[in-house]
Amino acid sequence: MVPELMLEGVRFRVWRGADLRVEGEARTATLERDSTLLRARDVVAVLPRGGDPVRIAAPEGSGTLSAHTFEAHGGVTVRHRDDVARTPSARYTPEGEGGMVRGDQALTVDGRGYRLEGTGFVLDAGTGELTLGGSPRLTGGGELR
């Protein structure tokens, strides 16, 4: 049996130097101490973004602390202002200034008066630039939510 540390009601913060990058909570978290594999349930993370926060939620997540990677699955929801993005899973890797978030499955973004759909995406977490794959489709007009 791998030595594990199991925590309940976890609150976390991720810093880069003096800058708070992410804060959040998880209902449970399990850490395999020898491999630094982390598994979490009911994860909510908030990226402060200078008073304009981005909220990310997923039922399950896993990653490796030593590699600074994390994958959320079971239905990922990202909220920023009036925009809500949904995808079955997404994975974070520490590339570039703020890291990259990628997904291979469908992504739907609903906002005030529009819906954007595509399959596969890359989000530059540092700049906020989103690139959709799979012949993206934009629908507009009225309240589409």
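The values are calculated or read from the model by the stated rules, or taken from the named source; none is laboratory data. Computed from a prediction, not measured in an experiment: that's the story for all the values here. Note: ideal-geometry Cβ built from the backbone for every residue, glycine included; neighbour counts use all protein chains shown. To get the accessible areas, we keep the full protein, side chains included, count just its heavy atoms, and leave off ligands, DNA and RNA. Shrake-Rupley method; radii C 1.70, N 1.55, O 1.52, S 1.80 Å.
Simple point charges give the picture: +1 on the Cβ of Lys and Arg, -1 on the Cβ of Asp and Glu, and for the chain a dipole about the Cα centre of about 280 debye. Look at the dipole of region 75-145 built from charges on Cβ: of T93, A106, L123, the Cα furthest out on the positive end belongs to A106. Rg/Rh for region 20-145 stands at 0.98; both radii use Cα atoms, and Rh follows the Kirkwood definition.
Under unit Cβ charges (Lys, Arg +1; Asp, Glu -1), what dipole magnitude, rounded to 20 debye, does region 72-117 have relative to its Cα centre?
On the way: 7 positive and 7 negative charges, 32 e Å.
For region 72-117, the charge dipole is close to 160 debye.
The Cβ shell under 15 Å around R102 holds other residues with a net charge of -4, Lys and Arg each +1, Asp and Glu each -1. In the distance distribution for region 66-130, Cα-Cα pairs more than 20 Å apart total 26 percent.
Probe radius 1.4 Å, ligands and nucleic acids ignored: give me the carbon and sulfur share of the accessible area of the chain as a rounded percent. With neighbouring chains kept in place, the figure for the chain is 53 percent. The relative contact order of the chain comes to 12 percent, based on Cα pairs under 8 Å that sit 6 or more residues apart. State in Å² the accessible area per residue of region 7-138; use a 1.4 Å probe, count heavy atoms of protein chains only, and round to the nearest integer. That works out to 59 Å² per residue. Comparing Cα centroids, region 84-145 and region 11-34 end up 24 angstrom apart.
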